[in-house]
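Got a structure here, written out as structure tokens. Questions coming.
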Amino acid sequence: MLNDAAPLLSVVPSGAADTKPTVLSVSVEDHLYHPLQQTLAPSALELKKGEVVSIIGPSGCGKSTFLRIAAGLIEASSGKTSSTADRTAILFQEHRLLPWKSLLNNISFGLQGQKLSKFQRMKKARAVAYAMGFTEDDLIKYPSELSGGMRQRGALARALAVEPDLLFLDEPFSALDIGRRRDLYRLVLHEVDKKQCSVLMVTHDVTEALALSDRVLVMAPDPGHFAKEYEVPLARSERTRQNLLELEASLLADDRIAQLFNMSNWEQLV
Amino acid sequence: MIHHMLSTLMSKLWSGWGTLAGVFLIFALWQVGFETFGSLVLPAPLEALSRLVDLVALPSGLEYILITAKRAFAGFLLASAFGIFFGLIAGWSNTLSLLCKPFITVALGVPPIAWIVLALLWFGGDDGTPIFTVFISTIPLIFAGALQGVRMREKELDEMAQSFHVPLVQRFWQVQAPQIVSYLFPAWATALGLSWKVVVMAELLSSTRGIGAGLAEARVNIDTASTMAWIVVVVGLLLVIEGTLLNPVKDYVEGWKHAE
């Protein structure tokens, strides 16, 4: 079992990019799912402009709950969330497209939260859809007529259509094959580079977290708390499959982390 | 596009053809019944149909049909309005759904025939009795359909809409209403059929005008041909309503389910 009292370990000391403004700051003191069950212990997070931060952890450790609190979908039993972002969007694990709307109407759906005319919404949705590689034919299809990868890409288009300053990703890539996954990675990272969008991502895939993030937070369960913060030492453009494997190895070299993922002696595949 | 329209037209024609074939099969079995048991039990279909033509040709015949239709629709529309309204609220509020439960149990448990007796005492022999009986026997179905629709909706979609700060009115019409309708619609269709049956029963016992009254008259005269003619009217009208009202509405609200 993990020792809760162990100090936070940071492989690389932070401090380089501290000049950027903070977009999101979450500090949960306590969160109870129901009166007798504590889901989250004190856990805090700050997200800077244009920064990508991942929370990894085993299933059921409370990382999705933390993301929901950060996104303002639920309120922590006690704690504070403050955000300077004008527009936020969430990409969920499931695509959550409305089955009774065509793809184009689904993409424009989220824009109803803004003061735009229907014509402007449609124009914007269409532009985003084309930028993300959808064809005119795809736009009139219902979600049931699209492949799994296209549905999730449609959900990403709906999220990016609102031009978010702050994007939350709740394991949205977990059901996709490696090729589709990389397409979506690139689309998200393009948004980060181009518009300085900040991203908070939850995933259980260590490699995915290392590939995309500036910082990785490891969450341990019972109740959920951050056990480790890891700053990814390579610039995003320098990351390759090979050196990510080495980073993963160095992260899992920490016994507590390896235990968390049931990955002690992790070179052994079966 | 043209291919799509053609295939919809073909499937419409095909389903109409199926209905027609079913109707003719029923007439054929009816003819067999007539030849086996004699005209006192079952009149010849042709005789009943010619009686039907006679009945409709009379000014009172057409009037009876219109009166019955008016009563059935009045009761049904009232039940729809109240049933959907309270069903939605009960779906959103646990307190109200607990409060409504005994009312629904009572409305379901009391046999329609007992309602007719009560309604006769309350409303007399006029339109009130059949309208009330239709209302009270269909409202539990519609209420339950709306309630289930609200209860069974996917909370994830609400959460998604919330995350985009979509205003409440749009959230209701675009996210919740389509899900509610998919539960409500079957209940609504059943209630429409039921209202048609109940109105005739209520009229038979309480009214001097309407299809039910026509049936009561035929019973007094031991006139099986007229009885069957009225039955053909009731069933025929139900088929027409289904084809011209229910099915188009169903195609409209559930069109997205049949996208191939």
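How would you rank B:Y252, A:Y185, going from fewest to most other Cβ atoms within 10 Å of each one's own Cβ?
The most exposed by this proxy come first: B:Y252, A:Y185.
Only four residue types carry charge here, +1 at the Cβ of Lys and Arg and -1 at the Cβ of Asp and Glu. Report the dipole size of the protein assembly as shown about the Cα centre in Debye, rounded to the nearest 20.
1120
Report the charge-dipole magnitude of region B:19-135 in Debye, nearest 20, computed about the Cα centre from +1 at each Lys and Arg Cβ and -1 at each Asp and Glu Cβ.
Using Cβ point charges on Lys, Arg, Asp and Glu, region B:19-135 gives about 420 debye.
I'd like the distance between the alpha-carbon centres of region B:123-139 and region B:1-61, rounded to an integer number of Å.
Result: 30 Å between the Cα centres.
Moving on to the next point. Write down the Kirkwood hydrodynamic radius of chain A, to one decimal in angstroms, obtained as one divided by the mean of 1/r over all alpha carbon pairs.
This gives a value of 19.5 Å.
Further question: If contacts are Cα pairs under 8 angstrom and at least 6 residues apart, what is the relative contact order of region B:55-258 in percent?
Over region B:55-258, the number comes to 26 percent.
Here's another thing I want to ask about it. Hey, what number do you get for chain B at 222 nm if only DSSP H runs of n ≥ 4 count, each worth -39500 (n - 2.57), divided across all residues, to the nearest 500?
-27500 deg cm²/dmol
Determine which aspartates and glutamates satisfy two conditions relative to B:K70: a Cα distance under 16 Å, and not lying fewer than 8 residues away in the same chain.
By straight Cα distance, B:K70 reaches B:D126, B:D127, B:E203.
Compute the long axis of helix A:148-161 from its Cα atoms, compare it with the longest principal axis of the Cα atoms of chain A, and write down the angle in degrees, 0 to 90, nearest 10.
For A:148-161 against chain A, the angle is about 80 degrees.
Can I ask one more? Using the Kirkwood formula on the Cα atoms of the protein assembly as shown, what hydrodynamic radius do you get, in angstrom to one decimal?
28.2
If you place +1 on the Cβ of every Lys and Arg, -1 on the Cβ of every Asp and Glu, and leave all else neutral, what size is the dipole of chain A about its Cα centre, to the nearest 20 Debye?
Once rounded to the nearest 20, the dipole reads 1400 debye.
If the limit is 24 Å between Cα atoms, which of A:K115/B:K257; A:K124/A:K195; A:K63/A:K228 go over it?
The answer is A:K115/B:K257.
As I understand it, the value is the acute angle between the Cα axis of helix A:241-252 and the longest principal axis of the Cα atoms of chain A; what does it come to in degrees, rounded to 10?
Tilt relative to chain A: about 40 degrees.
For a 28 Å ceiling on Cα separation, which of these pairs sit above it: A:K101/B:K155; A:K49/A:K118; A:K101/A:K123?
A:K49/A:K118
How far, in degrees from 0 to 90, does helix B:2-37 lean away from the longest principal axis of the Cα atoms of chain B, to the nearest 10?
Orientation of helix B:2-37: about 40 degrees from the principal axis.
Hey, which lysines would be in cross-link range of B:K12, C-alpha to C-alpha under 16 Å, not counting anything within fewer than 8 residues on its own chain?
B:K250
Hey, fewest Cβ within 10 Å first, where do A:H31, B:H165 land in order?
B:H165, A:H31
Express the C-alpha Rg of region B:55-258 as a ratio against the empirical globular expectation 2.2 N^0.38 Å, rounded to two decimals.
Scaled against compact globular proteins, the figure is 1.19.
Ok, one more. Measure out, as a whole number of angstrom, how far apart the alpha-carbon centroids of region A:43-62 and region A:173-192 sit.
About 18 Å separates the Cα centre of region A:43-62 from the one of region A:173-192.
Restricting to DSSP H runs of at least four residues, report the calculated mean residue ellipticity at 222 nm for chain A, -39500 (n - 2.57) per run over all residues, nearest 500 deg cm²/dmol.
Rounded to the nearest 500, it is -10000 deg cm²/dmol.
Now for a separate question. Which percent, nearest 5, of DSSP beta bridges in chain A are antiparallel?
Approximately 50 percent, going by the DSSP bridge assignments.
Suppose we keep just the DSSP beta bridges with both residues in the protein assembly as shown; what percent of those would be antiparallel, to 5?
Taking every DSSP beta bridge with both residues in the protein assembly as shown, the antiparallel ones total about 50 percent.
Follow-up. Count neighbours as other Cβ atoms within 10 Å of each site's Cβ, and list the trypsin sites (Lys or Arg not before Pro) in region A:42-133 that are DSSP loop with at most 13 such neighbours.
When the trypsin sites (Lys or Arg not before Pro) of region A:42-133 are filtered for loop state and at most 13 Cβ neighbours within 10 Å, A:K115 remain.
Rule-based calculations on the coordinates, nothing more; no lab input. All of these numbers come straight from a predicted model, not from anything done at the bench. Here the Cβ is made from the backbone with ideal geometry for all residues, glycine too, and neighbour counts use every protein chain on show.
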